Amino acid sequence: MSEVITDSFALVGRQMRHIKRMPEQLIGLTILPVAFVVVFGYLFGSAMKVPGGQSYQEYIMAGIFAQVMLSTISTTAVGVAGDLSNGIVDRFRSLPISRTSVLLGRTMSDATLCTWSCAVMAVVGYGIGWRAHEGVLKTLAAFALLVLMGFTLSWFGALLGLVLRSPETVSAMSSIIVMPLAFLSNAFIPLDGLPYWLRTIAEWNPLSTVVSACRELFGNGTGATSDALPAQYPIPGAILLLGLMLAIFIPLASRAYQKAAAAR
Amino acid sequence: MTEPAVSAEGLSKKYGDFQALQDVNLSVPAGTVLGLLGPNGAGKTTTVRILATLLTPDAGQATVAGQDVLRKPAEVRKRIGLTGQYAAVDARLTGRENIELIGVLLHLGRKAAKVRAAELLEQFELTDAADKLAKNYSGGMRRRLDLAASLVSRPPVLFLDEPTTGLDLTSRMTLWRMVKEQVDSGVTVLLTTQYLEEADQLANRVAVIDKGRLIAEGTPDELKRRVGGDRLEVSVTDTSDLAVVTTALASLSAEQPTVDQDSRTASIALSGGIKAIASISAELEAAGVEPLDFAVRRSSMDDVFLALTGHSSAASDDGDPQQQDLNANEKEAQSV
Ligand SMILES: Nc1ncnc2c1ncn2[C@@H]1O[C@H](COP(=O)(O)OP(=O)(O)OP(=O)(O)O)[C@@H](O)[C@H]1O
Ligand SMILES: [Mg+2]
């Protein structure tokens, strides 16, 4: 077990070196969150009103945070597919190192990048007037939940990369997968206007649950809630849903890794 | 006799409906080099991936360094080095970082990993480029780095999948020398190649594979004898000179030279090496014949395939009739 940890950290080191060598990647990881906060938070935030009179700007910030975490899917998927196509996965698989370490190294470093994005967004958000009202601990808990979501989605991305295999296919497919997750959620719009069935789906979307949990932890107002379970208990709901997803994606990704072969 | 370092029995693999490997048997005695020779799509990479525990065969069994590939893959991985067909280096790390990372992942400890990396970089003549990013390496340097990375744990068995494909002659010869050094230090090597010359340079024995089946096995010399070996080929401008050339060439061998009137070319199997070439050249000069072309044509993969299967390796991409043809020839090849 301790070997899994040291191996994973060695591989996190590898990823951090990549970023040092390709600062443009870090710029990307900074610009996207900043743009999201400015465009959605500031421009839309000032133009729209939420029923109940609360500020849309506060309402939308948790949605923006979560939205940016979604991009981890393609970050990890493209990275894993890249390692697959240039033979690095074959090299690792021919070494006596545990299968989990390789994927854990990847997902942990991508979760680290999530932490960075969150920090950037928090600062810019503060700049445009967003505030958390529930104290430091709850605020940190909200960010921890967001990073946990990034980590979970990163495992999903790893699975996607190993199954789709070519980096090109991966880039094309991941946006198709991310789209419904992103928009069939409460990230940008309150759900009470939706038809009942659509609203139920959106409320069971893990993204919505995490967003609701963050709104609660930030004290940003959760908007109208329905009787769907995850909407009523967003914090335990989010932890449970993410845990469940990890319990599914980790073994699936590890199995895909075990059989991984580059696309031909 | 000790047990072979690599042995495989009845390996078969299908991709979907496509039979990529059928009933392949291999045996590599410890400390020797087996060259697996075959054209594109023959099943070389498939074989290597099965032996290196990356791919599960549909049928058959294999042991590597005394460990069962299917039942004890983790034990096998402790004892092998793999250099895949495409250099598996991390382009965004330096050469040194690439090797150190492997050392750390093998639990040598950071310090020992650094020492081992320096040692390997020196051995593979990469010390000067050690701290450059691998993406700036030439093809030959990448291959050397890849080879170094596969040797961090000093594995007793090494798999090399087309180690020099795409390299220029100088880089190829450097790599050959480095592989030979490994063999001299007792490493067992299974290498795949599309070049007869490479098998000749490195391998003690050669197994020829085509369309997933082994079609011949033997020492490089046996194989070349079957193919006819290198040929000396002389072309002239005048038809009248062709007779002189033919007579000169005839003195080299009991066999009659092959003459092509249209291209005014005569050729013969070359057995005497450089001396024979010199004597023919002197003879032609004395007779006042100025050859248009005077060349040693090395036996190529195609010659091997032509001799073993009756069709060239390129033509082997065609359909079924040739598959039967191949089966017939396979029996013939094995009875030799
Ligand atoms: N994952 C796969 N899916 C489908 N077909 C495959 C797969 N891998 C290999 N093949 C096919 O199986 C055959 C053998 O492939 P293999 O890679 O072992 O050949 P090879 O001898 O290494 O060829 P090359 O010289 O081109 O590397 C080829 O016809 C190839 O197209
Ligand atoms: Mg191959």
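Observations on the structure shown:
- With the simple model of a label 7 Å out from the Cα in the direction of the Cβ, B:Q123 to B:A286 spans 5.3 nm.
- Folded to 0 to 90 degrees: helix B:110-123 orientation relative to chain B principal axis, Cα: 10
- Near the amide H of B:L36, within less than 5 Å, lie the amide hydrogens of B:L191, B:T192, B:T193, B:A207, all on another chain or at least 5 residues away, with H placed in the peptide plane.
- Surface per residue (accessible, 1.4 Å probe) for the range B:230-298, Å²: 57
- Amide H contacts under 5 Å for B:D210, placed H, 5+ residues apart: B:I215
- Interface size, chains B and A: roughly 2400 Å² of accessible area buried, both sides included, 1.4 Å probe, rounded to the nearest 100.
- Amide N of the range A:164-197 lying under 14 Å from the label point, which is placed 7 angstrom from the Cα of A:A263 along Cα→Cβ: A:164-176
- Charges were assigned to the Cβ only: +1 to each Lys and Arg, -1 to each Asp and Glu. The resulting dipole of the range B:230-298 about its Cα centre is roughly 280 debye.
- Prolate/oblate/rounded label for the range A:1-70 (Cα gyration tensor, a/c 1.5): oblate
- Each Lys and Arg adds +1 at its Cβ and each Asp and Glu adds -1 at its Cβ; summed about the Cα centre, chain B shows a dipole of about 2000 debye.
- With R₀ fixed at 45 Å, the C-beta to C-beta distance from A:D192 to B:S138 puts the FRET efficiency at about 0.10.
- Residues of the range B:37-85 buried by at least 30 Å² on assembly (accessible area, 1.4 Å probe, chain alone as reference): B:R49, B:L54, B:R77, B:L82
- Charged-residue dipole, Cβ positions (Lys, Arg, Asp, Glu), chain A about Cα centre, Debye nearest 20: 660
- Put simply, the Cα atoms of the range B:230-298 extend 27, 23, 20 Å along their principal axes, the longest span coming first.
- Heavy-atom surface analysis with a 1.4 Å probe gives the protein assembly as shown a carbon and sulfur content of 58 percent of its accessible area.
- Taking the charge dipole of the protein assembly as shown about its Cα centre, with +1 at Lys and Arg Cβ atoms and -1 at Asp and Glu Cβ atoms, the residue from A:Q25, A:T115, A:L103 reaching farthest to the positive side is A:T115.
- A simple rule links phi to the HN-Hα coupling: the Karplus curve 6.51 cos²θ - 1.76 cosθ + 1.60 with θ = phi - 60°, which for the range A:75-83 gives 4, 5, 4, 5, x, 5, 5, x, 4 Hz, with x for Gly and Pro.
- Probe 1.4 Å, protein heavy atoms only - accessible area per residue of the range B:187-229 in square angstrom: 33
- Of B:D200, B:D260, B:D23, the residue with the greatest mean-square motion in the GNM of chain B, using alpha carbon springs below 10 Å, is B:D260.
- Looking at chain B alone, DSSP beta bridges between its own residues are antiparallel in about 65 percent of cases.
- Remark: mean inter-chain Cβ contacts per residue of B:87-93 equal 6, using a 10 Å Cβ-Cβ cutoff to other protein chain atoms.
- Residues of the range A:139-158 with amide N under 17 Å of the 7 Å Cα→Cβ point at A:Y126: A:139-144
- Computed over chain B with a Gaussian network model linking Cα atoms closer than 10 Å, the most mobile of B:D131, B:D146, B:D221 is B:D131.
- Buried on complex formation within the range A:95-138 (loss of at least 20 square angstrom of accessible surface versus the isolated chain, 1.4 Å probe, ligands and nucleic acids ignored): A:L95, A:P96, A:I97, A:R99.
- Extending 7 Å from Cα along the Cβ direction at B:D23 and again at A:T112 yields two label points whose distance is 5.4 nm.
- Dipole axis of chain A (+1 Lys, Arg; -1 Asp, Glu on Cβ), positive-most option in A:S166, A:S85, A:V211: A:S85
- In order along the range A:193-210, the phi-based Karplus estimate (6.51 cos²θ - 1.76 cosθ + 1.60, θ = phi - 60°) of 3J(HN,Hα) comes to x, 7, x, 3, 4, 5, 5, 5, 4, 4, 6, 7, 4, x, 4, 4, 5, 4 Hz; Gly and Pro are listed as x.
- Rounded to 10°, Cα long-axis angle of helix A:2-21 versus longest principal axis of chain A: 80
- For the range A:74-92, a drop of 30 Å² or more in accessible area on going from the chain alone to the assembled protein chains (1.4 Å probe) is found at A:N86, A:I88, A:D90, A:R91.
- Ranking B:A113, B:A130, B:Y86 by Cα position along the charge dipole of the range B:56-166, where only Lys, Arg, Asp and Glu carry charges on their C-beta atoms, puts B:A113 farthest toward the positive end.
- Estimated purely from DSSP H runs of n ≥ 4, each contributing -39500 (n - 2.57), the mean residue ellipticity at 222 nm for chain B is -12000 deg cm²/dmol once divided by its residues.
- Average accessible surface area per residue within the range A:102-148, 1.4 Å rolling probe, Å²: 43
- Listed values for the range B:28-43 are Karplus-derived 3J(HN,Hα) couplings in whole Hz (6.51 cos²θ - 1.76 cosθ + 1.60, θ = phi - 60°), namely 10, x, 4, x, 10, 10, 10, x, 9, 9, x, x, 4, x, 6, x, and x replaces Gly and Pro.
The values are calculated or read from the model by the stated rules, or taken from the named source; none is laboratory data. These numbers were taken from a predicted model, which means no experiment stands behind them. Cβ coordinates were reconstructed from backbone atoms using ideal geometry, including for glycine residues, and neighbour counts include every protein chain displayed. Remember, those area values only see protein heavy atoms, side chains included, never the ligands or the DNA or RNA. Shrake-Rupley method; radii C 1.70, N 1.55, O 1.52, S 1.80 Å.
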